[in-house]
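Visitor: Mind having a look at this structure? Questions to follow.
Any read-out appearing in this document is the output of simple, stated calculations on the displayed coordinates, not a laboratory observation. Source: prediction; values computed, not measured. Please note: Cβ atoms are built from the backbone with ideal geometry, for glycine as well, and neighbour counts cover all protein chains shown.
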Amino acid sequence: MLGRKFPHLPQSQALFDAIWSEATWVQDLDEPADDNDVRLVKVASLAGAEVFITGDKRVLIWGREGNMQILSPRDAWMQLFAGNDGA
């Protein structure tokens, strides 16, 4: 899939794998029980994430949670890899 999205970047799978290898498990919050999006974003922020990546338009308009940016996949890719053959 990454090869189709980024045909000009043959190393896209390796970059994804490197990012994924840094992922860690964090405990979910109990509240608000009726809004999974709010819980996920808060948990990521509390865990110290710098960026929350989502395609959910409702979440994207929040822009930030604490010090954490909320970005679309494309914006995150451009921010993380701009100047690093990621454009």
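Visitor: In degrees from 0 to 90, rounded to the nearest 10, what is the angle of the helix 36-46 Cα long axis to the longest principal axis of the chain?
Guide: 80
Visitor: Another question, then. Return the label of the correct value of Kirkwood radius over Cα pairs in Å, as calculated from the structure shown, out of [x] 14.3; [y] 13.1; [z] 13.5.
Guide: [x]
Visitor: For M68, M1, M78, what ranking results if the residue with the fewest other Cβ atoms within 10 Å of its Cβ goes first?
Guide: Taking fewest neighbouring Cβ atoms as first place, the list is M1, M78, M68.
Visitor: Now for a separate question. Tell me, what ³J(HN,Hα) does each residue in segment 9-14 have, in order and in whole Hz, if you take phi through Karplus 6.51 cos²θ - 1.76 cosθ + 1.60 with θ = phi - 60° and put x for Gly and Pro?
Guide: So the J values, rounded to whole Hz, are 10, x, 8, 4, 5, 5.
Visitor: Now, a different point. Using helices alone, I'd like the mean residue ellipticity at 222 nm for the chain: each DSSP H run of four-plus residues gives -39500 (n - 2.57), total over residue count, nearest 500. Present the calculation step by step, with values, prior to reporting the outcome.
Guide: Numbers: 5 runs with 37 residues, N = 87.
Taking each H run of at least 4 residues, the total per residue is -11000 deg cm²/dmol.
Visitor: Another question, then. Please identify every one of the GluC sites (Glu not before Pro) in segment 15-81 that sits in a loop by DSSP and has no more than 14 other beta carbons within 10 Å of its own beta carbon. Don't jump to the answer; show the numbers that get you there.
Guide: Working: sites: E22, E50, E65; in loops: E22, E50.
Counting only loop positions with at most 14 other Cβ atoms within 10 Å, the GluC sites (Glu not before Pro) in segment 15-81 are E22, E50.
Visitor: Now for a separate question. Mind checking segment 5-87 for chymotrypsin sites (Phe, Trp or Tyr not before Pro) that DSSP puts in a loop (not H, G, I, E or B) and that have at most 11 other Cβ atoms within 10 Å? Display every interim value, and only then the final one.
Guide: Numbers: sites: F16, W20, W25, F52, W62, W77, F81; in loops: W25, W62.
Counting only loop positions with at most 11 other Cβ atoms within 10 Å, the chymotrypsin sites (Phe, Trp or Tyr not before Pro) in segment 5-87 are W25.
Visitor: For the chain, with only Lys/Arg (+1) and Asp/Glu (-1) charged at the beta-carbon, what is the dipole magnitude about the Cα centre, in debye rounded to 20?
Guide: Working: 8 positive and 13 negative charges, 89 e Å.
That gives a dipole near 420 debye.
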